[in-house]
Every structure is written in structure tokens, then in C-alpha cells.
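A quick write-up on the structure given underneath.
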Amino acid sequence: MEKDRLKFSIKVRIKKGEDMFGPGLIEFLERTAETGSMQAACEQMEMSYSKGWRLLKAGERATGKVLLDRKTGGSTHGSSTLTEDGRKLIADYKEFVAMINKTANDNFAGFFAKWEE
């Protein structure tokens, strides 16, 4: 049986004042873009609509940008689409997280290989 090895895990949150966003908002934006619905995105993520709304508002306050173009109208007429800023935020966040993970991965063994012995 192979011995368990040390691993690292990084959760990146971006903060401005009291507002912050991270992987939850990014997933919410992606799922909303896929479904065209904030409600459907919340259901897929098994969270309340009010929590999804709070994630979105915190992200919009932190960035100072509108991330979703929302059209009200209830379950059959409403829709939500990513704004250009929303698309850019997802791309920049993912690129930043990938860079952090690569840097951490490249340096992890130098710090923790001795703890595997």
C-alpha cells in the first residue's frame, strides 16, 4: 500500500475592506453563465438564493463592477448573463490561482520533503 504523502491546499480569497470574493463567487458566476439563471446556479450549488445574491453583491462591491447583467421576471422570464467585467474577473481569478498553485507546487518539496522521511 502506498504511503500517504504531504500535500498542500490553497484557497484564494480577494479582499477589499469588508468585502471579499473567492472560489464560491467564481463558481456561482460560471454556473449562472451556463444556466442563464441565478436561481438555477444556486440550486446546483445547493445554496440559498439569498446566499448567492450576497456573494454577487460582495464581489460587485469589492471590484466596483457589475458582474452579471440581470433581467427580472420570475422563473420563466428572468435571465442573467455575465458582463464583460464578469468574464474578465473569472479569467483573471483562475489565472492568478493557477500561478499561485504552480509557484507553491514548484517550491513545496524544498520545504517539506524532509518531513516525508
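Just so you know, all these numbers are worked out from the coordinates, no wet-lab data involved. Note that this is a predicted model, so its numbers are computed, not measured.
Name the lysines eligible as straight-distance cross-link partners of Lys65: C-alpha to C-alpha under 17 Å, and not fewer than 8 places from it in the same chain.
Within the straight-line limit of under 17 Å, Lys65 reaches these lysines: Lys15, Lys16, Lys57, Lys88.
How much length would be gained if the chain were fully extended between Arg70 and Ala98, taking 0.36 nm per residue of separation minus their Cα-Cα distance, in nm to one decimal? Before the final figure, lay out the partial values.
Details: separation 28, 0.36 × 28 = 10.08 nm, distance 2.94 nm.
That pair, Arg70 and Ala98, stretches by 7.1 nm at full extension.
Straight-line reach only, C-alpha to C-alpha below 16 angstrom: list the lysines that Lys114 could link to, leaving out same-chain residues fewer than 8 apart.
Within the straight-line cut-off, Lys114 pairs with Lys3, Lys7.
Can you list residues from other chains, or at least 5 along the same chain, whose modelled amide H is less than 5 Å from the amide H of Gly78?
Gly73
Give the distance, in whole Å, between the Cα centre of segment 8-31 and the Cα centre of segment 45-73.
12 Å
In degrees, nearest 10, range 0 to 90: what is the angle between the Cα axis of helix 49-63 and the longest Cα principal axis of the chain?
Taking the Cα atoms of the chain, the angle to 49-63 is about 70 degrees.
Once every DSSP H run of n ≥ 4 in the chain is given -39500 (n - 2.57) and the sum is divided by its residues, what mean residue ellipticity at 222 nm do you get, rounded to the nearest 500 deg cm²/dmol?
Values: 5 runs with 68 residues, N = 117.
Value at 222 nm, helices only: -18500 deg cm²/dmol.
Mind checking the log10 I(q)/I(0) for the chain at q = 0.11, 0.16 Å⁻¹? Debye, one equal scatterer per Cα, no solvent, two decimals.
-0.47, -0.78
Taking H as built 1.01 Å from N, whose amide H comes closer than 5 Å to the amide H of Thr83, not counting residues under 5 places away?
It is Leu68, Asp69, by chain and number.
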